[in-house]
Amino acid sequence: MALVSGVGPLPKHKLPGSILFKESFYAGLPHNFHKCSKCLDRNSPLHVVSKTEYIKFQLWARHSNDYNHIIGNIQLDRNILINNIPSNMKYISFPNNIPNADYEVYKDGSRINGKTGFSVCILQNNINIENLYKLKNFNSVFQSELAANHRAAIWAAEKNSTINIHTDSLSSISALKSASARYGFVNNIKKDLFQLKHLVGLSWVKAHIGIQDNELADQQAKLATTTGVDKDIPAPRSFIKRTLNIYMINEWNEYWRQYDSASGARVREYLPGVSPKFLIHNEFLIFFLSGHGPFPQYLCRFKFLDSPLCVCGEVGDADHYTFCCSFTQKFHLLKPADAHKKAWL
């Protein structure tokens with residue numbers, strides 16, 4: 001059984017495989033090695049992962065306000081119950097083309113430099129009626145694509161006109177056709193579009209093959225990320241995941257800084273913080289950084305050898321063999337000054 005804070009015991013067959021692997025792997029290692037190795041193999045400690053998953057569950061599934069401070073009190077999209085939604089409103093399918101439609105519409109969503117927006121280019125007789133909208137930084141491209149479809153259809157209803165929407169986003173078309181979509185944002189759009197099916201044709205076009213109007217929509221979508229009219233859309237689940245990943249790294253770093261042991265202090269001389277991007281493939285570098293390896297000093301500590309001394313008579317630790325042992329002289333590295341250790345790697 002494994003304990004998850006605030007949830008209670010979970011049977012092992014319900015735990016993610018990665019957690020079970022960590023449990024079985026680290027169970028056979030000395031306790032001090034667990035924490036150093038997690039820094040070097042970029043695996044977050046289990047208690048930090050469990051805490052993060054619990055917070056994610058509370059925010060998304062339980063709609064708890066207890067952890068809103070972590071996500072900046074931002075309004076979240078929610079999963080909704082779809083059992084009572086009529087089946088014809090779950091699956092929204094438009095004709096590919098409405099003959100003699102009043103307007104042809106090309107739209108696109110974009111996310112660039114952390115900013116999100118969408119464009120709706122409404123064309124008639126080579127005249128472009130532009131609609132540019134800027135979303136919040138936490139909104140996704142998927143949301144921007146769906147919002148563009150929605151805005152085009154609402155515009156058609158306001159003008160009592162028929163339109164053909166051309167989009168290079170298959171995901172937005174698939175979401176409208178999916179009977180299992182549970183996001184509140186998606187289903188609210190479906191509800192509106194269901195009433196407007198007679199005004200809208202919707203078809204997919206391939207991106208970046210030289211369709212002039214589609215390229216125009218793409219350029220305008222990029223422009224919309226900075227100059228568009230502000231539009232509010234709830235944050236998607238991916239925002240929680242991104243935010244909590246940052247939170248987990250911060251928690252891991254705090255745990256790492258507070259960890260007090262000789263091995264932890266040694267690794268911190270070279271690695272002051274942890275990062276999921278830092279990954280060491282060389283086992284000998286791990287031996288050196290952690291001080292845990294085939295060294296007499298380390299093996300004596302755990303009673304595998306009677307003496308911590310090298311055959312040369314000095315203490316046989318990682319630094320000894322790397323920098324000064326007479327038997328490894330031709331492999332020696334220049335020992336860095338303490339002030340330069342963090343830049344040595």
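If we only count helices (runs of 4 or more DSSP H) wholly inside segment 271-345, which ones have 2 or more residues that are of a type in the set (Phe, Trp, Tyr)?
283-290
Taking segment 119-145 as the search range and keeping residues that are polar (S, T, N, Q) and under 21 Å from residue 162 (Cβ atoms), which one is modelled with the highest pLDDT?
Out of the qualifying residues, it is 119.
Determine, yes or no, whether residue 211 is of a type in the set (A, V, I, L, M), touching a His at 6+ places or on another chain (Cβ under 9 Å) and under 25 Å from residue 102 (Cβ atoms).
Yes, satisfied.
Could you check, for segment 90-98, whether at least one of its residues is out of contact with any Asp or Glu (no Cβ under 6 Å at 6 or more places or on another chain), free of Cβ contacts under 8 Å to residues at least 40 places away in the same chain and assigned to a loop (DSSP other than H, G, I, E, B)?
No.
Among the residues of segment 107-148, which ones are out of contact with any Gly (no Cβ under 7 Å at 6 or more places or on another chain), outside any strand (DSSP E or B) and buried (at least 17 other Cβ atoms within 10 Å of the Cβ)?
136, 138, 139, 140, 142, 143, 146, 147
Given the structure, is residue 280 surrounded by 15 or more Cβ atoms within 10 Å (Cβ to Cβ), modelled with pLDDT under 95 and farther than 18 Å from residue 262 by Cβ?
Judged against the criteria, residue 280 is a match.
The values are calculated or read from the model by the stated rules, or taken from the named source; none is laboratory data. Everything quoted here is computed from the prediction, not taken from an experiment. Reconstructed Cβ throughout: ideal geometry from the backbone, glycine too, with neighbour counts over all protein chains shown.
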